Amino acid sequence: MKKISTLKLSLIGLGIALNVVGTFTAFSLKLPILLDSIGTIMASFLLGPYYGVVTGLCSGIVSGITFDIYSLYFAPVQIFVGFFSALMYNKGFMRGKKKILGVLVVSIFSSFVGAVIAAFVFGGITSSSSSYIVAVLSNMGVNKVLSVFIVQFLMDYFDRFLAVSLVLLVISNIPEKIK
């Protein structure tokens, strides 16, 4: 078994902390974004997809156990965020104008998983403030999965774009020796 270095373990811990604090902030303030994937994206960019997935899953468990039970159910979304963030970053789709497309790919896959979970497990209603919009769309006759996906995708795209932008800003200021 390959040992994980102290630096990698520390970055995973930092990523988990960033995700939990972001989730708690969005949850407490009822923000229209989640802020739950900043640490996952950071770990994915710096360490690769495996570490991004681990970071996301662990933060979902910690958030779910401590203050937001829904985070446990949505932990699979972090698998897609971690995997596709690393893939898009390594292929150069998270820099410059290509960032729009890279974030789109991450958001489509993660939003689909999140929408399926929200629609089938919770009937479209979760702890997110976007549940109000889902309820309105559903009452207008829009299919539950489609209404959840529309809202989830719009919210996720903005959330992931913000997270990627913040992570890229931080990474650009890390000395090359440490990277």
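Filter region 99-132 down to the residues that are part of a helix (DSSP H, G or I), of a type in the set (S, T, Y) and under 15 Å from the mean Cα position of the chain (by Cα) and list them by number.
Of everything in region 99-132, those that are part of a helix (DSSP H, G or I), of a type in the set (S, T, Y) and under 15 Å from the mean Cα position of the chain (by Cα) turn out to be S107, S110, S111.
Every residue in region 38-95 that is on the phi > 0 side of the Ramachandran plot and surrounded by 17 or more Cβ atoms within 10 Å (Cβ to Cβ), please.
Our first condition is that a residue be on the phi > 0 side of the Ramachandran plot; within region 38-95, this holds for 48, 92.
Scanning region 38-95 gives a single hit, G48.
Figure legend. Inter-residue proximity from region 1-25: first residues among the aromatic types (F, W, Y), second residues modelled with pLDDT under 95, beta-carbon distance below 8 Å, spacing 6+ or different chains. Indicated pairs: F24/F67; F24/D68. When the residues of region 110-134 are filtered to those that are among the aromatic types (F, W, Y) and within 14 Å of I150 (Cβ to Cβ), the one that is surrounded by the most Cβ atoms within 10 Å (Cβ to Cβ) is F112.
Restricting M94, M88 to residues that are in contact (Cβ under 8 Å) with a residue 60 or more places away in the chain and not small (G, A, S) narrows the list to M94. Just one residue in the set S147, S172, S107 is open to solvent by 20 Å² or more (accessible area, probe 1.4 Å), more than 21 Å from D68 (Cα to Cα) and of a type in the set (S, T, Y); that residue is S172.
The values are calculated or read from the model by the stated rules, or taken from the named source; none is laboratory data. What you see is a predicted model, and the numbers here were worked out from it, not measured in a lab. Quick reminder, even Gly has a Cβ in these numbers, built from the backbone with ideal geometry, and neighbours come from all protein chains shown. The accessibility values were calculated without ligands, DNA or RNA, using every heavy atom of the protein model including side chains. Shrake-Rupley method; radii C 1.70, N 1.55, O 1.52, S 1.80 Å.
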